[in-house]
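The values are calculated or read from the model by the stated rules, or taken from the named source; none is laboratory data. Remember, it's a predicted structure, so these values are computed and weren't measured experimentally. Note that we place each Cβ from the backbone using ideal geometry, even for glycine, and neighbour counts take in every protein chain shown. These accessible areas exclude ligands, DNA and RNA; they are computed on the full protein's heavy atoms, side chains included. Shrake-Rupley method; radii C 1.70, N 1.55, O 1.52, S 1.80 Å.
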Protein chains: 2
Amino acid sequence: MSSTQTCPIEASILQLLSPSQRNILEAQSHQINLNSHEYLFERGDTADHIYQVNRGKVTLSRLMPNGEQKVFKVFLSGGVIAEMAVFMQPREYPMSAHIDQETTLTAYSYASFKELFISNPELSLQVISFISNRVGQLMNSLDMLTQVNANQRLVMHFADIYSKQKRCGNRFTLPNTKKVLASQLGITPETLSRLFRKLKFNGLITESGACITVPDFTVLCREVDLVPSIFQHNH
Amino acid sequence: MSSTQTCPIEASILQLLSPSQRNILEAQSHQINLNSHEYLFERGDTADHIYQVNRGKVTLSRLMPNGEQKVFKVFLSGGVIAEMAVFMQPREYPMSAHIDQETTLTAYSYASFKELFISNPELSLQVISFISNRVGQLMNSLDMLTQVNANQRLVMHFADIYSKQKRCGNRFTLPNTKKVLASQLGITPETLSRLFRKLKFNGLITESGACITVPDFTVLCREVDLVPSIFQHNH
DNA sequence: TGACGGCCTTGATAATTGTCAAGGAGGTAA
DNA sequence: TTACCTCCTTGACAATTATCAAGGCCGTCA
């Protein structure tokens, strides 16, 4: 359907590059076209490229010990895929990337990044900062997923989406289907459906399509026993 | 009590350094002595040092939104603290480090690391790999904590400890109190106690003090519906 | 020595979340 | 059009985990 959707604004490693560095990288990049139901890469493949989505939709997911496919993230136009994987050792993609819609991507090779890093020590430092921050974020997610209940996880996810989208009042748009959202929150679609129903029933949110309106963030947070500051924007 | 305990063998950023690089760092390091109940640093402090524990015990923990103190990790002799935090931006410790026993540490400054990185681009590359791997591990933990139940989390934690300790038959030693273990697994101490009771009752493990014996790893894994390969050593 | 405090355990009970089954809505392809 | 198919929802029920309360054990400290 909407092939014009773009990823929520999110920092990527590409933004650390200066214009000239970016040019060097672009010169060595190449374009890729893939059709729906193909795979960009599969878990275990040698991770030698970072990809940026120009148009389309790519889902990163992995097989769980129980046999289910868990969605880790969905990338739309602008999204940068596998920016960590190419630097890991062994250099293998830890997840599979599935094409959901006809997609065009730009592929940047590991080798060209490596060259850039070697010849620009200050860039390496920035990258180290960047990845360290990602570690910090992941540790936060880790706490979030263990120490708070599903209701709170959902609201915290709302806060996350809200702060990443450009503000338009007290509304935001769910970027994925609810099935995917449930997978990301680590709950079943049924439980998610019931959480939504409860929030709507209590007037804490209203829903119209993928658009969620929150009449009062403070009330919403208080209701699920969270600090309201989670909805504050921090660039 | 046992002040001779050492941390489980775990990769640290210090091991990436060549002997000469290590010497440069050591020359700029300094020693710290702290007594029980003091804090090495608190959440929000400027993160300008990485610490290695020479002797003693340090607990890294953070305050959760519900007001509880969650233990992230316990460091014993050999442990390296805050190897990520110093590279984050803003450069603040994301957790507090509490001294549990009289402790001596070596402090390495952020500035000296930065110099090393700038003058050794290949080292930077290694560090990028190292931190990327950490990202991968955290993503695994993230899955583990959301997709599997408490019982499985406990057994996976056993596997983790087992593979990090030098093997002595089918035994391993719990490095922390059960209260801390429960906190790390994201469950209450009561639930943990009941899980242990069930495992012991079913003859899947035996417990004597902090030492756990597993008669048959394969049976244990099968009982909680996990693949036995989690107990395989992978260096 | 006794008093206190933390950790661990256990029981009873409640809250949370998952599982199974079913049906509606909407999209796609023959 | 019909025949699927997936997503979303709902209900009934089961499993998991938390909460509250209590007691035992084992340290430390006065």
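For this structure, a couple of remarks:
Residue-by-condition table, conditions (1) at pLDDT below 95; (2) small (G, A, S):
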| site | (1), (2) |
| --- | --- |
| B:N170 | yes, no |
| B:R194 | no, no |
| B:A210 | yes, yes |
| B:D216 | yes, no |
| B:R222 | yes, no |
| B:L226 | yes, no |
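- Counted residues, the range B:184-228 - those being within 14 Å of chain A (Cβ to nearest Cβ) and β-branched (V, I, T): 5
- Strands (runs of 3 or more DSSP E) (entirely within the range A:22-105) containing at least 1 residues that are within 14 Å of another protein chain (Cβ to nearest Cβ): A:49-63, A:69-75
- In the range B:139-154, residue modelled with the lowest pLDDT [restricted to those that are under 17 Å from A:R43 (Cβ atoms) and in contact with a helix residue (DSSP H, G or I) (Cβ under 8 Å, 6 or more places away or on another chain)]: B:M144
Residue-wise test of (1) without any contact (Cβ under 8 Å) to a residue 12 or more places away in the chain; (2) within 21 Å of A:K73 (Cβ to Cβ).
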residue	(1), (2)
A:Q147	yes, no
A:M156	no, yes
A:Q165	no, yes
A:V180	no, yes
A:Q184	no, yes
A:R194	yes, no
A:L204	no, no
A:F217	no, no
A:I230	no, yes
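- Across the range B:53-74, the number of residues qualifying as free of Cβ contacts under 8 Å to residues at least 60 places away in the same chain, buried (at least 20 other Cβ atoms within 10 Å of the Cβ) and on the phi < 0 side of the Ramachandran plot comes to 4.
- Residue within the range A:13-36 that is under 14 Å from A:M95 (Cα atoms), open to solvent by 20 Å² or more (accessible area, probe 1.4 Å) and out of contact with any Phe, Trp or Tyr (no Cβ under 9 Å at 6 or more places or on another chain) present: no
- When the residues of the range B:158-178 are filtered to those that are closer than 13 Å to B:F196 by Cα and within 16 Å of DNA strand D (Cβ to nearest atom), the one that is most open to solvent (accessible area, probe 1.4 Å) is B:K178.
- Among the criteria (1) farther than 30 Å from A:N33 by Cβ; (2) surrounded by 14 or more Cβ atoms within 10 Å (Cβ to Cβ); (3) touching an Asp or Glu at 6+ places or on another chain (Cβ under 9 Å), the one A:N202 does not fulfil is (2).
Residue by residue, here is whether (1) within 30 Å of B:G44 (Cβ to Cβ); (2) of a type outside the set (K, R) holds:
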position	(1), (2)
B:A82	yes, yes
B:Q101	yes, yes
B:S112	yes, yes
B:M156	no, yes
B:P175	yes, yes
B:K179	yes, no
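- For the range A:81-136, a tally of residues being among the β-branched types (V, I, T) and farther than 30 Å from B:P90 by Cβ returns 4.
- Residue match in the range B:179-198 (condition: more than 14 Å from DNA strand C (Cβ to nearest atom) and open to solvent by 20 Å² or more (accessible area, probe 1.4 Å)): no
- Residue match in the range B:75-91 (condition: without any contact (Cβ under 8 Å) to a residue 12 or more places away in the chain, of a type outside the set (V, I, T), out of contact with any helix residue (DSSP H, G or I) (no Cβ under 6 Å at 6 or more places or on another chain) and open to solvent by 30 Å² or more (accessible area, probe 1.4 Å)): yes
- With respect to the conditions (1) open to solvent by less than 30 Å² (accessible area, probe 1.4 Å); (2) within 14 Å of another protein chain (Cβ to nearest Cβ), B:Q147 falls short on a single one, namely (1).
- Condition met for B:A47 (out of contact with any strand residue (DSSP E or B) (no Cβ under 9 Å at 6 or more places or on another chain) and of a type in the set (G, A, S)): no
- Looking only at residues of the range B:113-135 that are open to solvent by less than 10 Å² (accessible area, probe 1.4 Å) and within 7 Å of chain A (Cβ to nearest Cβ), we find that the one that is farthest from the chain's Cα centre (by Cα) is B:F117.
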